[in-house]
Amino acid sequence: MFADKTLTPREAVRLCALGTIAAKPMRYSELASSVRHFISRMTGPSVDLLGTSIELLRYEGLVEALAGEGMEDDATLSITEAGRKEFHALMVAPLRPASDLSKLITTLKFRFLHLLDKADQEAQVELLIDTSETGLNRLLDLRDSMAGEGGYLVDWLDEEVTRAEARLDWLHQLRQWVKQAG
């Protein structure tokens, strides 16, 4: 954990894996695929985040094979009591205010967009629209794939989708303002 007891990216992936397997036992390959799918839909593809191994969880005694060995024979895994304690500790960790580097860069683009010539402004607005559309599509895909899971995730994703759609609408308006300016 960070000094303020908030989760590191690696611990966020551990939380995803432990929570997924706490919900129900599943095969090694299913767990790895589920974690990869979820994380990549929320953050985009990230080698840093997806480098955490399910095997490490098994080695640490947080998950165990019900039958078989693990990755080599695609064993069905379940969470151990130690895994449940770790899951709980990760779940109750405090949240850190948004500190995402891409959010900072996006904010800087908006701050200084007016300093670019018209063609570059238009190109940057298109880049922001493309990025927002990609993020919205990842959210929609994740929401659709999680629809039957229960809990509050789908409701929260619906809220995020609403925000992403509003942001995209605003960016389309910005595109018009930039075209009409100058």
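Computed from the Cβ-Cβ distance with R0 of 35 Å, the FRET efficiency linking Q180 to D141 stands at 0.55.
For R27, the amide hydrogen comes within under 5 Å of the amide hydrogens of L77, counting only partners 5 or more places away or on other chains and with H modelled in the peptide plane. Of the options (1) 56, 41, 25; (2) 68, 36, 29; (3) 41, 38, 32, only one is Cα extents along the principal axes in Å as computed from these coordinates, and that is (2).
Distance between the C-alpha centers of segment 22-38 and segment 67-96? Whole Å please. The distance from the Cα centre of segment 22-38 to that of segment 67-96 comes to 10 Å.
Classification of segment 99-182 by its C-alpha gyration tensor yields a prolate form. The axis ratio a/c (a ≥ b ≥ c) is 1.5 or more, and a/b outweighs b/c. Taking θ as phi - 60° and the Karplus parameters 6.51, -1.76 and 1.60, the scalar couplings of segment 137-151 work out to 5, 5, 4, 4, 5, 5, 4, 5, 6, 9, 3, x, 7, x, x Hz in sequence order, x denoting glycine and proline.
What is the extension gain from H172 to K118, computed as 0.36 nm multiplied by their sequence separation minus the C-alpha to C-alpha distance, in nm to one decimal?
17.9 nm
In this structure, the amide hydrogen of V63, modeled 1.01 Å from its nitrogen in the peptide plane, lies closer than 5 angstrom to those of R58, T80, counting only residues at least 5 positions away or on a different chain. Of the residues D117, D74, D130, the one that moves most in a GNM of the chain with alpha-carbon contacts below 10 Å is D117. Net charge of the neighbourhood of L127, taken over other residues with C-beta under 12 Å away and scored Lys/Arg +1, Asp/Glu -1, is -3.
Taken together, the values in this text are just the output of simple stated rules run on the coordinates, not laboratory data. Since we're looking at a predicted model, the values are computed, not measured. Here Cβ is always computed from backbone atoms with ideal geometry, including for glycine, and neighbour counts include all displayed protein chains.
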